[in-house]
Amino acid sequence: MLSLLADVRFTLRLFRRAPGFYATVLAVLVCGVGATTAMFSIAESLLLRPLPFPEPKELTVLESTEPESPHPRRPSVSVPDFLDWKAQATTFAQLAAVDHEGFSMASAGSTPESLSGTGVSGDFFPMLGIRPALGRLIGADDDRVGGAPVVVVSAALWHRRFASDPALVGRAVTLNGRPFTVIGVAAEGFEFSSVTSKRVDVWTPLAVTYAGYALMTPDERANRSLEVMGRRQHGVSLENAQKQLSAIAQNLEGAHPDTNSKVGVAVADMHASIVESARSSVFVLLGAVALVLAIVCANIANLLLARAQSRRGEMAIRSALGAAPSRLALQVVTETVVIFALGSVGGALLSTVLVDLFASGIDHNVTAAITIRVDLTALLASLAICLLCGAFAGLVPAHAVTRVEPHEILKENAARSGVSRGQASMRSVLVVAQVAVAFALLVGSGLALKAFAEVAATPPGFNPTNLVEGFVDLASVKYEKDEKVVTFLRDVLAKVREQPGVQAASANSTLPLGGGEDGGPFAIEGTTPWRVGEGPVLGRNSISPDYFRTMELPILRGREFTESDRVGGRLVAVISHATAERFFHGEDPIGRRIDWVEGQKARSWREIVGVVGDVRHGGLDIAVTPEAYIPVAQNPNRSMSLVVRTANPDALVESLPRIVQAVDPDQGVWRRQRMTDVVARSLGAQRHVASLLGAFAVAALVLSTLGVFGLVSYATAQRTREIGIRLAIGAMPEAVILLVMKSGLRLLGVGLLLGLPAALIVARIVASHVPRVSAFDPVVYTAITVLLSVASVAACLAPALRAVRTPPASAVRCD
Amino acid sequence: MTQVEQTISPSSPLIQLKGVKKAFFTEELETHALSDIHLEIAKGEYVAIEGPSGSGKTTLLSILGLLDTPSSGAYRLHDREVGSLDARERARIRNREIGFIFQTFNLIGDLTVWENVELPLLYRGLPTAERKRRVEAALDRVKMTHRKGHMPFQLSGGQQQRIAVARAVAGDPLVLFADEPTGSLDSKNGDTVMDLLGELHASGATVCIVTHSQEYARRAARTIHIFDGRVVGDALAA
């Protein structure tokens, strides 16, 4: 123990003697361990840690399935279907439905605040086992048609908006123009509503806020907009629950063929459903960070080995004084453990910063349910990682010092004695390993970046530059009448157009790349209608006049809408180019008529008056889908995006709420953003994976280049005398440069050769987890080979040039 | 000196080499550094090993001090065959039974004077109080107690060598080996160190030094001449 303390004390003294060396080692280590701990924390938070609810394995998500539709599986269920499932599914202890809704909360004397809200059925809170922080939560008694308008607020909103006022319960707040009574505050940190939803601020009873609740009509059964989840009875497996729900769906199909033909149900574990979107990227990034850590370990092992080499004299003295080889090894291991202990502390601290950075690209619906943080498990894992790395990085130099022969002490200067062949080989092996792993990681990252660049270069169909969106949800009772909605939009857009710099303004119900969708099966007049459940889906977008000019969407044929396309007038539509191509097969669609099939409703044929360019909705990487536009005046929608083309987008983003409130003082703007941000965000997870992979690859490139540089520099320093002699006897500088570089380039060649199969494996893994990545892209392989070669040549060049600048006389004297 | 030493029979030599050879192998060449060395050193002797550069003196000393192993032949130290011991056991003997003094002092630059002297005792696993007693005694013996907190680079060459002597004797070894102990010192400091070795011998220590200096060699009771890897002379002082 005394010896151990002496070794620790000695190590700390070494840090003071060679601060540059140890600072470099620690910096490399802290970055490697920090990144690994952060990535492991994310993986642990998402994949290993159970959901923060009681008996989380019983929680289940129920989704509709329509095998022949463009969306074969989606979390959208109609109210009648939900009520039928709830009445018949005995395998579930509780079934809850939710419907997302934006709320504008008005308060006297302050700006209306847009809130994210969810209507929840009575089983929602009991199913999740959530307790109130204050008051009570929504229960079965609240969730009934005609029930009192009550609201539960999140603890975050309670703190932020109500200053944690304990007397909030019982007070009335105005949501969308209606008074709601606050009945409680949800538990601290609880902001969940469904697997697809971001964090929410308020929860209301579904039956009170959902207009069509309990209407068991065919129209309502076809209107699938609820998300359903449930808690299985204790001991009931997913398979048994699936069997029962499938049987129920089959019965509903028989009873309601018009709306439920080929509509099934799929059950899935809630945890798996929440993390599904993030799982692939987490695995890829975890693998990438592990490769970086491997390079870090090899790099540190090499640095420590070089250090051990320079301390051969000291080790020979210790050996001569009676230190056994194992004792010398223990000293080196102690030094390494001290370094790694410090690295572990630094890495843990760094990981708390990196974890937020790394997790920033993860879908908000995932982070609404799961808090991603560095916890005790992650810290213990970090310690284990450090110990493993320490064992690897420390054993290499520890093994080297056991080979120190005590008689080296009798040499003139043991510290300068040549490197043993074994140690030289070990250092070369470590550098080759670094080059090989870096090559593999660079190829994997290069493939992901190339795929991402291709997607990012895909035009969205409109011009997002200098385009601003503001989302308004006209859910207030004052907008129950359609004409009020139309008037509001007309007045707001008129005011927007008066703003300086505004070139055009309009509104739409489905923002491109915004994540929303509308539409359904449709019919073309004069053609045989598709059978129920088998027809294609046509997207529907209600828009205001001047929309195509605002979005800079090309009008290919016909015209766009004007103020004259109003309710009561001729019903009109503009279709997209893809719609014209797919359904009219080269014929002129202008003048033809279409209509969406909605339950038993009588046909309201709309005349096609124009054809416009295609717009991508699901994402830049998702194929264009058929779409049609209709005038908002003929199909008023209460959830609208105001779109404005302006020379001053930032100013408009800032002023939009004031413009809206000049028309309606109680109306908030739920969301304001530049469309360039919307386009960027639509790349979501892929951008996140590509940028992090790129960062890890840069780290790998830098570390492996440093490895080559360090080794070649060291080997060159060892050969100073030889180089001096060569120069003294007339060697040309270029011959010496070639001599020095040859050793480094040999390592590069071997590293690349060994890295190729590793790169192929990494590429296949990346291709299986990242969309549109081709594992065998020769351009990427060639580019990475060139990149790594240039970096390595540069790394070799510096010591080579230094060597030829050494005066031959001083080089010879150095021995 | 030690308890073990006191049990040695007068007829049994402390060091006994029989037919010791040492060959070094390079890629294409086998070099014989020592050939057929027969040598005995008794307890309490003061022996000087002399010879020109490259004659094999240092190689002989490194084998005697268990810093290196003979290629063939037998080496008995203190009535025990030590020529073929493993590295761990050789280290144990070096630590407990042998003291070294080197030409270039070989103090560890990152340790203080005290810590340098304490180091072999630390490896031996002696308790703190015992280490303290021995280090103080050793530093007192070389008159360097007042420098115990200094770092080696703060000392002169002569002072560093006195610390090296203190380190060599702190563990009460059976035998002291000194490799050119005055080679890096001026004549005044060289004399001081040689006086110190003389005092140690006078107090009963077995001392074996390698030296170029005939003057210093004459201070030993016995001089062994090495030439071309062989013992070519072995004479007692007149």
Would you grab the residues whose amide H sits under 5 Å from the one on residue A:639? Only those 5+ places off in sequence or on another chain, please, with H modelled 1.01 Å from N. A:474
Largest fluctuation, B:40, B:115, B:130 only, Gaussian network model of chain B with Cα springs under 10 angstrom, belongs to B:130
Just to be sure I understand: with springs between alpha-carbon atoms less than 10 Å apart, which residue in B:176, B:139, B:39 has the highest mean-square fluctuation in the Gaussian network model of chain B? B:39
For segment A:477-665, Rg(Cα) over 2.2 N^0.38 Å is 1.05
Of A:487, A:578, A:547, farthest towards positive along the dipole that unit charges on Lys, Arg, Asp, Glu beta carbons give segment A:477-665: A:487
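If you place +1 on the Cβ of every Lys and Arg, -1 on the Cβ of every Asp and Glu, and leave all else neutral, what size is the dipole of segment A:67-262 about its Cα centre, to the nearest 20 Debye?
On the way: 18 positive and 20 negative charges, 75 e Å.
Around 360 debye, computed over segment A:67-262.
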In Å and on Cα atoms, what radius of gyration and Dmax does the protein assembly as shown show? 42.1, 138
Non-local amide H neighbours of residue A:136 (under 5 Å, H modeled in plane, Pro and chain starts lacking H): which ones? A:184, A:185
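In percent, how large is the relative contact order of segment B:84-214, given Cα pairs closer than 8 Å and 6 or more residues apart?
Values: 188 pairs, mean separation 43.8, N = 131.
Relative CO of segment B:84-214 lands at 33 percent.
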Just the Cα atoms of chain B: what Rg and Dmax do they give in Å? 17.5, 54
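How big is the charge dipole of the protein assembly as shown about its Cα centre, in debye rounded to the nearest 20, if each Lys and Arg gets +1 on its Cβ and each Asp and Glu gets -1 on its Cβ?
Details: 103 positive and 101 negative charges, 588 e Å.
Roughly 2820 debye for the protein assembly as shown.
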Evaluated at 4 °C with a viscosity of 1.567 mPa s, what Stokes-Einstein diffusion coefficient in µm²/s does segment B:97-238 have when Rh comes from the Kirkwood expression over alpha-carbon pairs? 83 µm²/s
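Please average, across the residues of A:322-329, the number of beta carbons from any other chain that are within 10 Å of each residue's own beta carbon, and give a whole number. List each step's numbers first, then the result.
On the way: counts 19, 7, 10, 5, 3, 5, 1, 0.
Shielding by partners across A:322-329 averages 6.
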Per-residue Cβ neighbour rank within 10 angstrom, fewest leading, A:181, A:550: A:181, A:550
For a quick check: sort A:37, B:112 by the number of other beta carbons within 10 angstrom, fewest at the front. B:112, A:37
Reported to two decimal places, what Rg/Rh ratio describes segment A:67-262 when computed on Cα atoms with Rh from the Kirkwood expression? 1.00
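Arranged by the count of other C-beta atoms within 10 angstrom, fewest first, what order do A:143, B:68, B:36 take?
Numbers: A:143 24, B:68 21, B:36 15.
In order of increasing Cβ crowding within 10 Å: B:36, B:68, A:143.
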Express in whole angstrom the spacing between the alpha-carbon centres of segment A:555-569 and segment A:159-175. 47 Å
Summed side-chain charge close to residue A:308 - residues other than residue A:308 whose Cβ falls under 12 Å, Lys, Arg +1, Asp, Glu -1: +3
Looking at the protein assembly as shown, what % of its DSSP beta bridges pair antiparallel, to the nearest 5? 70 percent
At what distance in angstrom do the alpha carbon centres of segment A:438-453 and segment A:271-330 lie from each other? 25 Å
Only bridges whose two residues both fall in chain B count here: according to DSSP, what percent of them are antiparallel, nearest 5? 55 percent
Filtering trypsin sites (Lys or Arg not before Pro) in segment A:524-572 by DSSP loop and by at most 12 other Cβ atoms within 10 Å leaves A:531, A:570
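What's the average, rounded to a whole number, of partner chain beta-carbon atoms within 10 Å of each residue's beta-carbon in B:63-76? Could you put the intermediate results ahead of the total?
Numbers: counts 1, 0, 5, 4, 9, 5, 2, 0, 0, 0, 0, 0, 0, 0.
Across B:63-76, the average partner-chain Cβ count within 10 Å equals 2.
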Within chain A, which DSSP H helices have Cα atoms that stretch 30 Å or more along the helix axis and a mean Kyte-Doolittle hydropathy of at least 0.5? A:19-43, A:270-310, A:325-359, A:376-402, A:421-456, A:684-718, A:733-769, A:778-805
Partner chain coverage, peptide B:95-102 - average Cβ within 10 angstrom: 3
Could you point to the residue in B:126, B:108, B:67 farthest towards the positive end of segment B:66-134's charge dipole, with +1 and -1 charges on the Cβ of Lys/Arg and Asp/Glu respectively? B:126
Given B:148/B:188; B:22/B:148; A:86/A:481; A:57/A:86, which pairs have Cα atoms separated by over 29 Å? B:22/B:148; A:86/A:481
GNM top mover of B:125, B:190, B:99 - chain B, alpha-carbon springs below 10 Å: B:125
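Readers should treat all values here as calculations from the given coordinates under stated rules, not as data from a laboratory. Note that this is a predicted model, so its numbers are computed, not measured. When we count neighbours, we look across all protein chains shown, and the Cβ atoms used for this are built from the backbone with ideal geometry, even at glycine.
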